[in-house]
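For reference, the structure discussed in these notes is given below.
The values are calculated or read from the model by the stated rules, or taken from the named source; none is laboratory data. What you see is a predicted model; the values in this text were computed from it and never measured. For neighbour counting, all protein chains shown are included, and Cβ atoms are generated from backbone atoms with ideal geometry for every residue, glycine included. The accessibility values were calculated without ligands, DNA or RNA, using every heavy atom of the protein model including side chains. Shrake-Rupley method; radii C 1.70, N 1.55, O 1.52, S 1.80 Å.
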Amino acid sequence: MALIDEIKIYIKAGKGGDGVVRWRHEKGKPLCGPSGGNGGRGGDVYAEAVSDIGLLSSYSGLKEFKAEEGQAGMKDSCHGKAGEDFTVKVPQGSILTNLKTGEKHFLNIKGERVMLLKGGRGGVGNEFFKSSINTSPEEFTVGERGEEGEFLIELEMFADVGLVGLPNAGKSSLLNAITNAHAKVGNYAFTTLEPNLGALFEFIIADIPGLIEGANEGKGLGIKFLKHIKRTKMLVHLISAENENMTETYQTVRNEVLAFEDEMKDKKEYVVISKSDMVDEETLNKKVSEIKKLVSPVHVLSILDDKSVKEFIDGLVKELRK
C-alpha cells in the first residue's frame, strides 16, 4: 500500500443561523408583539486521531470539509437548531497546521481530539430587541460566519519497522517478499517516491524511500522521509552486496539518520546485507567481514533464497517481540 503522508484540505466551520422577524398571533389579536427566535450556532470542526495509518488517501480529490450551518430562528420565540459539529479523522502521529495562522496541532494518541475551527454565533430575532420604548421591533441580526482555513496535514508515521538504505538497496523487494505489499520495484534510483506499508503478522513494516548523503539538508527525497524514521520502533538497514565500499555505504545512511535527530542513536538497528546472490561467495564473505568491524550482528539475505528470507523473518519477529 502506497502511503499518502501529506495533504492539504480546506475546512469550514458552520455559519450561525439568522435571527428572524416574526409576530405573535392570538385569536382576536392579530399583532401581540414580536416572537422572532434566534438562529442556532454553527457547528464546530474537530480533528481526532485514529489508528488507520492510510486514512489520508481517502481525502484525495475532496475539495473541502465543513460543519453544518445553524438553523434560522422561527416563530413563537423558537430558536433555531445548532449545526452539527464535524470531525476530521486523521492518523495518529499527524501534525495539522493552519496555513493562515501558523497554529499547529499534534495528535499522537489514538482518540485524542482537538478543536480546529469554531462555528459562528447565531443571529438574534426581533423579540430580542423588544423594550418598553420599542414594542414592535423590526430589527434582527444575521448569523456569523464560521471560521475557515486551509490546513496542512503531515503524518509522522507510526510503524514497527522502518526499512532504510541507499536507493536500490532492495527495500521494496524485501517488503514484497515478507509482507502483503505490492511496492513498485525497478532497477533505478528512487523507485519509491512515497513510503510503502506491509503487515508481517501483527507488525507494520514501512519501506522508507532511499536516502542519500545530504538528505537531512533536503537533498534527494530529504527530510520529508527522514521524519518517518523517528516514529519506528526499529530500523532495518539494508546494504546491497553490490556496493564496493560497505563501510562508506553504511556510514552514509547512518550519518544522515543521526544528523536529522541525535536521539536516533538509541534506536535498535538490524543490519542486513541484501542482494547476496549478486556476488560470489568469496567476495560476499569479505564484505560481511568488513561491515562487522562496525556493527554486529549482520544478517545476509537474498530474496531468491527462501531459507535466508525465513531466517530473516524469524530473527526480526523475535527482536520485535522482546
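Against the list (1) at pLDDT 95 or above; (2) open to solvent by less than 60 Å² (accessible area, probe 1.4 Å), the condition Gln92 fails is (1).
The set of residues in segment 95-112 being outside any loop (DSSP other than H, G, I, E, B) and modelled with pLDDT of 95 or more consists of Leu96, Thr97, Asn98, Lys104, His105. In segment 261-272, is there at least one residue being open to solvent by less than 70 Å² (accessible area, probe 1.4 Å), farther than 22 Å from Val161 by Cα and not in a strand (DSSP E or B)? Scanning segment 261-272 turns up no residue that is open to solvent by less than 70 Å² (accessible area, probe 1.4 Å), farther than 22 Å from Val161 by Cα and not in a strand (DSSP E or B).
What's the number of the condition Lys63 fails, among (1) crowded, with 16+ Cβ neighbours inside 10 Å; (2) farther than 10 Å from Ala47 by Cβ; (3) not aromatic (Phe, Trp, Tyr)? Among (1) crowded, with 16+ Cβ neighbours inside 10 Å; (2) farther than 10 Å from Ala47 by Cβ; (3) not aromatic (Phe, Trp, Tyr), Lys63 violates only (1).
Entry remark, segment 109-121: residues being open to solvent by 20 Å² or more (accessible area, probe 1.4 Å) and either on the phi > 0 side of the Ramachandran plot or in contact with a Gly (Cβ under 6 Å, 6 or more places away or on another chain) (or both) number 2 in total.
Quick check, is Leu174 within 28 Å of the chain's Cα centre (by Cα), surrounded by fewer than 18 Cβ atoms within 10 Å (Cβ to Cβ) and in contact (Cβ under 8 Å) with a residue 40 or more places away in the chain? Taking the combined requirement at face value, the residue does not satisfy it.
Name the residue that is modelled with the lowest pLDDT, counting only residues in segment 1-49 that are assigned to a strand (DSSP E or B) and open to solvent by 50 Å² or more (accessible area, probe 1.4 Å).
Our first condition is that a residue be assigned to a strand (DSSP E or B); within segment 1-49, this holds for 2, 6-12, 23, 26, 29, 34, 45-49.
Keeping just the survivors that are open to solvent by 50 Å² or more (accessible area, probe 1.4 Å) gives 2, 6, 8, 10, 12, 23, 26, 29.
Working: Ala2: 55, Glu6: 86, Lys8: 94, Tyr10: 96, Lys12: 97, Trp23: 91, Glu26: 78, Lys29: 68.
The residue in question is Ala2.
What are the residues in segment 125-149 that are open to solvent by less than 30 Å² (accessible area, probe 1.4 Å) and either within 15 Å of Gly17 (Cα to Cα) or in contact with a Pro (Cβ under 8 Å, 6 or more places away or on another chain) (or both), if any?
The first filter runs over segment 125-149 and keeps only residues open to solvent by less than 30 Å² (accessible area, probe 1.4 Å), leaving 125-126, 137, 143, 146, 149.
Within segment 125-149, Gly125, Asn126, Pro137, Gly143, Gly146 meet the criteria.
Just to be sure I understand, how many residues within segment 237-253 are within 14 Å of Val272 (Cα to Cα) and either under 25 Å from the mean Cα position of the chain (by Cα) or among the β-branched types (Val, Ile, Thr) (or both)? Qualifying residue count, segment 237-253: 5.
Out of the residues in segment 286-308 that are out of contact with any strand residue (DSSP E or B) (no Cβ under 9 Å at 6 or more places or on another chain), assigned to a loop (DSSP other than H, G, I, E, B) and open to solvent by 80 Å² or more (accessible area, probe 1.4 Å), which is farthest from Ala169 (Cα to Cα)? Working first, answer last.
Residues of segment 286-308 out of contact with any strand residue (DSSP E or B) (no Cβ under 9 Å at 6 or more places or on another chain): 286, 289-290, 293, 304-307.
Applying the additional criterion that residues be assigned to a loop (DSSP other than H, G, I, E, B) yields 293, 304-305.
The next check asks that each one be open to solvent by 80 Å² or more (accessible area, probe 1.4 Å); those that pass are 293, 304.
Numbers: Lys293: 20, Leu304: 15 Å.
Per the stated criteria, the residue is Lys293.
Given the condition surrounded by fewer than 20 Cβ atoms within 10 Å (Cβ to Cβ) and either in contact with a Leu (Cβ under 7 Å, 6 or more places away or on another chain) or farther than 26 Å from Thr141 by Cβ (or both), answer yes or no: does some residue in segment 66-79 qualify? Within segment 66-79, none of the residues are surrounded by fewer than 20 Cβ atoms within 10 Å (Cβ to Cβ) and either in contact with a Leu (Cβ under 7 Å, 6 or more places away or on another chain) or farther than 26 Å from Thr141 by Cβ (or both).
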